[in-house]
Amino acid sequence: MQTEKGDLIQKAKAGEFDVIIHGCNCFCTMGAGIAKTVKQVFPSAYQADLATVAGDKAKLGTYSSAQVEVNHKALVIINAYTQYQWRGAGRKADYEAIRQVFRLVKKQYAGKRVGYPAIGAGLAGGDWAIIAAIIEEELAGEEHVFVQWEK
């Protein structure tokens, strides 16, 4: 796993990635954290989320996606369903859902440059050491970058 400091969205807009992934709950809210920024900057990603069934627990471990053009280049935004809901205390990140999503991403986007934030480790309360190990395992052999938030 390569680590870069900065703003994932700005790096994506600059054409640094082919695919970006961010974590979502299963209720089509995208109302906080990086999901809120994705919703504002790439409204088609939010539209893809809204095209799924709100509150459907079967979405865990899957994703919706949108393709946009940045700098005359295709960028795919993955709305990864890595937590069921956002309410309450404690860990909401579902480690198995994170594993399944990254397994699907590798299958679908092998050979692409993939960027992501600390999925599941912010508002979702997951342990980044555990999540990073899952991502490292599932994206083995791929070019993927963890973008550690820094203004």
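A short reminder: the numbers here are calculations on the coordinates, not readings from a lab. The structure presented is a predicted model; accordingly, all values stated were derived computationally and were not measured. Virtual Cβ from ideal backbone geometry, glycine too; neighbours counted across all protein chains shown.
For the chain, the residue among Met30, Ala74, Gly120 whose Cα projects farthest onto the positive side of the dipole built from Cβ charges is Met30.
Roughly what % of DSSP beta bridges within the stretch 2-149 run antiparallel, to the nearest 5? Just about 35 percent of them are antiparallel. Of the residues Gly111, Gly88, Gly23, the one that moves most in a GNM of the chain with alpha-carbon contacts below 10 Å is Gly88. A prolate overall shape is assigned to the stretch 57-109, the ratio a/c of its alpha-carbon gyration tensor axes (a ≥ b ≥ c) being 1.5 or greater and a/b exceeding b/c. Considered as an equivalent ellipsoid built on the Cα gyration tensor, the stretch 1-122 has semi-axes of 22, 15, 14 Å, the largest given first.
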